[in-house]
Amino acid sequence: MIEPKLRESSRDYAYRVIREMIVNMELVPGSKVSEIELANLLGISRTPVREALIDLAKNGAVTIQPQKGTFISLIDPNLVEEARFLRKTLEKEVVALLCEADYQKQLHLLDECVSLQEFYLNQGNYEKFLELDNEFHQLFFQLTNKNQIYTLMKGLNIHFDRARTFIFKNKPSIKTLEEHKVLLKAIHEQDKHTACQCIEQHLYQYELDKDSFEKEFSHYFNKK
């Protein structure tokens, strides 16, 4: 179980863990969730769990139905596309910034992250690989001092993260790692044009895979 961070409120802790469980498909689309069970699992009271679920409902990640209960929302292709579009738009800008000389001294953090990704991928530890994949993209914003933008993006991004995680777990591929390496090479070479092309192509990969997965796992997808 994920441990609470130092001085993290129970509400924030509940939100972070439940979000992670949704993204990792531990809480599968369409399933009913119990405040009591989640509270017992996290070792906290029901109130912060309820508050976290309300926050997740605002992002469309869960659906609260009066008199019926709280359910994990189905994967909505429209929301996934909105999140992908937002990420593509913002990440192209921060990747272009990383290509500037002012940020070159910090790129070793991205190098280390990619090296760890390769290690865990070779070990078959896909959960850790995906965790580092998220960290890699978050570093774009941290290294360019755009942390608040990343935080704002994260609410909608849950839909893209969940779909991407679901596809990767069912169809593991080294392509993500190779794309990270090519992107990082372009950033080191301060080649903004290539770096922006790389990030756009990288985030487009979901589009190439989604149709077959929507058909094979139709019970997880919202068809409206």
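Just the residues that are of a type in the set (D, E) and in a helix (DSSP H, G or I), please, taken from region 24-43. Before the answer, list the steps.
Residues of region 24-43 that are of a type in the set (D, E), as a first pass: 26, 35, 37.
Those that are of a type in the set (D, E) and in a helix (DSSP H, G or I): E35, E37.
When the test is whether a residue is touching a His at 6+ places or on another chain (Cβ under 6 Å) and either under 29 Å from D76 (Cβ atoms) or aromatic (F, W, Y) (or both), E135 does not pass it. Contact map, region 1-14: first residue closer than 18 Å to E35 by Cα and at pLDDT 95 or above, second residue surrounded by 10 or more Cβ atoms within 10 Å (Cβ to Cβ) and of a type in the set (D, E), Cβ cut-off under 7 Å, separation 6 or more or different chains; pairs are R11/E51.
Filter region 140-156 down to the residues that are assigned to a helix (DSSP H, G or I), at pLDDT 90 or above and in contact with a helix residue (DSSP H, G or I) (Cβ under 8 Å, 6 or more places away or on another chain) and list them by number. Matches in region 140-156: F140, F141, Q142, L143, N147, I149, Y150, M153.
Screening Q197 against (1) surrounded by 13 or more Cβ atoms within 10 Å (Cβ to Cβ); (2) over 30 Å from Y15 (Cβ atoms); (3) in contact (Cβ under 8 Å) with a residue 12 or more places away in the chain; (4) not β-branched (V, I, T) leaves a single unmet condition, (3).
Regarding region 79-88, can at least one residue be identified that is among the small types (G, A, S) and either surrounded by fewer than 16 Cβ atoms within 10 Å (Cβ to Cβ) or at pLDDT below 95 (or both)? Yes: one or more hits.
Applying the condition of being of a type in the set (S, T, Y) and buried (at least 19 other Cβ atoms within 10 Å of the Cβ) to region 148-175 and asking which residue is farthest from L110 (Cα to Cα) yields T165.
Residues are listed down the side, and each one gets a yes or a no for (1) of a type in the set (A, V, I, L, M, F, W, C); (2) in a helix (DSSP H, G or I); (3) within 16 Å of the chain's Cα centre (by Cα):
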| site | (1), (2), (3) |
| --- | --- |
| Q67 | no, no, no |
| F71 | yes, no, no |
| E82 | no, yes, yes |
| R87 | no, yes, yes |
| K92 | no, yes, no |
| V95 | yes, yes, no |
| D102 | no, yes, no |
| K105 | no, yes, no |
| E112 | no, yes, no |
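Taking region 52-65, which residues are part of a helix (DSSP H, G or I) and either in contact with a Phe, Trp or Tyr (Cβ under 8 Å, 6 or more places away or on another chain) or among the hydroxyl-bearing types (S, T, Y) (or both)? Reasoning before the result, please.
At the first step, the residues of region 52-65 found to be part of a helix (DSSP H, G or I) are 52-58.
Result: A52, D55, L56.
Taken together, E135, E91, E131, E100 contain a single residue that is under 30 Å from F217 (Cβ atoms) and in contact (Cβ under 8 Å) with a residue 40 or more places away in the chain, which is E91.
Is it the case that some residue within region 198-211 is within 21 Å of E81 (Cα to Cα) and in contact with a His (Cβ under 8 Å, 6 or more places away or on another chain)? Break it down into steps so the answer makes sense when it comes.
Filtering region 198-211 for residues within 21 Å of E81 (Cα to Cα) gives 198-211.
When the remaining residues are screened for being in contact with a His (Cβ under 8 Å, 6 or more places away or on another chain), the result is 202.
Yes - at least one qualifying residue is present in region 198-211.
The values are calculated or read from the model by the stated rules, or taken from the named source; none is laboratory data. Because the structure is predicted, anything quoted here is derived from the model rather than measured. Note that we place each Cβ from the backbone using ideal geometry, even for glycine, and neighbour counts take in every protein chain shown.
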